[in-house]
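The values are calculated or read from the model by the stated rules, or taken from the named source; none is laboratory data. Treat the numbers as computed from the prediction; the structure is a model and nothing was measured. Here the Cβ positions follow ideal geometry from the backbone for every residue, glycine too, while neighbour counts run over all protein chains shown. Accessible surface areas use protein heavy atoms only, side chains included; no ligands, DNA or RNA. Shrake-Rupley method; radii C 1.70, N 1.55, O 1.52, S 1.80 Å.
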Amino acid sequence: MNSDTPARWLEKIRALPLPARVRIMNVCGGHERSITMAGLRSALPENIELIPGPGCPVCICPEEDVFEAIQLALNEDIILVAFGDMLRVPVNAPRKAARSLEQARAMGADVRPIASPLEAAHIARNNPGKPVIFFAAGFETTTAPVAALLVEGVPDNLFVLLSGRLTWPAVAMLLASDVPGFDALVAPGHVSTIMGPEEWEFVVQKHGIPAAVAGFTAESLLAAMYSTLRQLLEDQRFLDNCYPELVRPGGNRRARQQLEQAMDVTDANWRGVGIIPASGFAINQQYRAHDARQAFPSYADDARKRAGEMPPGCDCASVVLGKIYPNECRLFGAACKPRHPIGPCMVSDEGACRIWWSAGMREPVLKAERPQASA
Ligand code: SF4
């Protein structure tokens, strides 16, 4: 089905008798990057709005978890490893204190960027005399390899500070609200590869919203958009799979088994959003010896000014929930740019603000200019 070229998919979409306005949400930073870099927003008819939703794990990682990682790195005799884009995420701290892992490193902490969980194990094996804490923030696609690491055996000196999240509960929360803000969903390809496309059936069955799983090429994304548009127009609803090359029924069974074996699912905090039920992973009792939250002191300091909050003026929470576009934030491109990010959405490669800025979508938009949401 996806064998058509992007140009052909665009032709097919333009030929549809579209309503005055259709809002299609994606919930994957990789999708948002592909959509933006391919210029799909300007190529599609004007009445189709592509809304970036909750697809960036760095953006929603709780401020207090980043603060904890910074304090562990500064106060414990450890090596702290984290994916590169976590290092620049800012927290709320006094001006002279470390406000990011990068700043903690500049103050002498041993903080190292890594590209995969295996690298964390490698660093632990090469430093047997020192505890290594892996600050693992991510969605299912990141948490599954962490679970695999635990189940398959890790060095005694490797500990995990986990900030893992499930994506679908955030979409469920949006759909349960009075203003979900979208009419159709492009479901995430990577997450579906691990967890199975079935996780997204509730969107169709419970809420009557068309949905299609997409891969990361323009043709796969356009195929998924076309599918959801046809579902809307023909008043049919089903979960389409436009990424059959990798997304199979049931997902990756071994990865799911390892997640089940090593993790509990818990209510979890999303930065700027609040607690979302059953949206977090926590290392379970069996693997608690490698849980940094059990093995090291807590440095939580709820008395900090703006503890847990977004930086002043940052609208990341609204961006993450698809309530505003990145360039509707008044700091976008003014005080907040990739070299001097104010909020996490401008830090991470999966953050919508950074993606839009990198793609040259830099004109600020006044809220009043955005078309009003339909009922
Ligand atoms: S532009 Fe910067 S301050 Fe505004 S929402 Fe994005 S990250 Fe936050």
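In region 240-341, which GluC sites (Glu not before Pro) fall in coil by DSSP and have 16 or fewer other Cβ atoms within 10 Å? Write down the numbers at each step before the final one.
Numbers: sites: Glu245, Glu260, Glu309, Glu328; in loops: Glu245, Glu309.
For GluC sites (Glu not before Pro) across region 240-341 that sit outside H, G, I, E and B with at most 16 neighbouring Cβ atoms in 10 Å, the list reads Glu245, Glu309.
With just the Cα atoms defining each centre, how far is region 116-172 from region 274-353? Give it in Å.
Rounded to whole Å, the Cα centres lie 18 Å apart.
Using Cα pairs closer than 8 Å and at least 6 residues apart in sequence, work out the relative contact order for the chain, in percent. Could the numbers behind the result be given before it?
On the way: 745 pairs, mean separation 84.2, N = 375.
Contact order relative to length: 22 percent.
Over the Cα atoms of region 1-152, what is the Rg over Rh ratio if Rh follows Kirkwood?
Values: Rg = 21.1 Å, Rh = 18.5 Å.
Reported Rg/Rh (Cα atoms, Kirkwood Rh): 1.14.
Project the alpha carbons of region 189-320 onto their principal axes and report the range along each, largest first, in whole Å.
55, 41, 29
Please return the longest stretch of the chain lacking exposed loop sites, where trypsin sites (Lys or Arg not before Pro) count only if DSSP places them in a loop and at most 10 other Cβ atoms lie within 10 Å.
Numbers: sites that count: Arg95, Lys96, Lys305, Arg339.
After excluding every exposed loop site, the longest remaining stretch is 97-304.
Given H placed on each backbone N at 1.01 Å, which residues far from Leu162 in sequence or on other chains put an amide H within less than 5 Å of it?
Amide H to amide H, under 5 Å and 5 or more residues apart or across chains, Leu162 pairs with Ala136, Ala292, Arg293.
Counting other Cβ atoms within 10 Å, which chymotrypsin sites (Phe, Trp or Tyr not before Pro) in region 234-343 have at most 13 and lie in a DSSP loop? Each step should come with its number before you reach the end.
On the way: sites: Phe238, Trp270, Phe281, Tyr287, Tyr299, Phe332; in loops: Phe238, Tyr299.
Sparse-neighbourhood loop chymotrypsin sites (Phe, Trp or Tyr not before Pro): Phe238.
In Å², and per residue, what accessible area does the chain have when probed at 1.4 Å with the other protein chains present? If you can, show how the numbers build up before the last one.
Details: 15920 Å² over 375 residues.
I get 42 Å² per residue for this part.
For the chain, what is the charge dipole size about the Cα centre, in debye to the nearest 20, if Lys and Arg each add +1 at the Cβ and Asp and Glu each add -1 at the Cβ?
Details: 37 positive and 41 negative charges, 169 e Å.
Value, rounded to 20: 820 debye.
In whole percent, how big is the carbon plus sulfur part of the accessible area of the chain, probe 1.4 Å, protein atoms only? Walk me through the numbers on the way to the answer.
Details: 8140 of 15920 Å².
The C+S portion of the solvent-accessible surface of the chain is 51 percent.
Quantify how much of the Cα-Cα distance distribution of region 226-268 extends past 12 Å, in percent. Mind dumping the intermediate values first?
On the way: 654 of 903 pairs.
When all Cα pairs of region 226-268 are counted, 72 percent exceed 12 Å.
Would you mind giving the three semi-axes, in whole Å and largest first, of the ellipsoid equivalent to region 99-241 according to its Cα gyration tensor? Kindly include the intermediate steps, with their values, before the conclusion.
Numbers: eigenvalues 315, 50, 37 Å².
Output for region 99-241: semi-axes of 40, 16, 14 Å.
For the chain, place one equal point scatterer on every Cα, skip the solvent, and apply the Debye formula. What is log10 of I(q)/I(0) at q = 0.10, 0.12 Å⁻¹?
At q = 0.10, 0.12 Å⁻¹ the computed log10 ratios are -0.63, -0.90.
About the Cα centre of region 11-60, what is the dipole size in debye to 20, counting +1 per Lys and Arg Cβ and -1 per Asp and Glu Cβ, all else neutral?
Values: 6 positive and 4 negative charges, 12 e Å.
So the magnitude is around 60 debye.
Taking the alpha carbon gyration tensor of region 154-219, what are the square roots of 5 times its eigenvalues, largest first, to the nearest whole Å?
Values: eigenvalues 164, 54, 21 Å².
Result for region 154-219: semi-axes of 29, 16, 10 Å.
Under a point-charge model restricted to the Cβ atoms of Lys and Arg (+1) and Asp and Glu (-1), what is the dipole moment magnitude of region 15-115 relative to its Cα centre, in debye to the nearest 20? Kindly include the intermediate steps, with their values, before the conclusion.
On the way: 10 positive and 12 negative charges, 87 e Å.
Value, rounded to 20: 420 debye.
Loop-only check: which GluC sites (Glu not before Pro) in region 33-83 are DSSP coil with at most 14 other Cβ within 10 angstrom?
The qualifying sites are Glu46.
What base-10 log of the normalised intensity I(q)/I(0) is obtained for region 9-62 from the Debye formula, alpha carbons as equal point scatterers, at q = 0.13, 0.20, 0.25, 0.28 Å⁻¹?
Log-scaled intensity ratios, in q order: -0.38, -0.75, -1.01, -1.15.
Which angle from 0 to 90°, rounded to the nearest 10, does the C-alpha axis of helix 140-152 make with the longest principal axis of the chain?
For 140-152 against the chain, the angle is about 40 degrees.
For a bin width of 5 Å, list the pair-distance distribution of region 321-360 built from all Cα-Cα distances, rounded to whole %.
Whole-percent P(r) values from 0 Å outward: 6, 30, 39, 21, 4, 0.
Spelling out what I want: for every residue of region 110-127, take phi, set θ = phi - 60°, compute 6.51 cos²θ - 1.76 cosθ + 1.60 (Karplus), and round to whole Hz; glycine and proline get x.
8, 10, 10, x, 10, 10, 7, x, 4, 5, 4, 5, 4, 5, 5, 5, 7, 10
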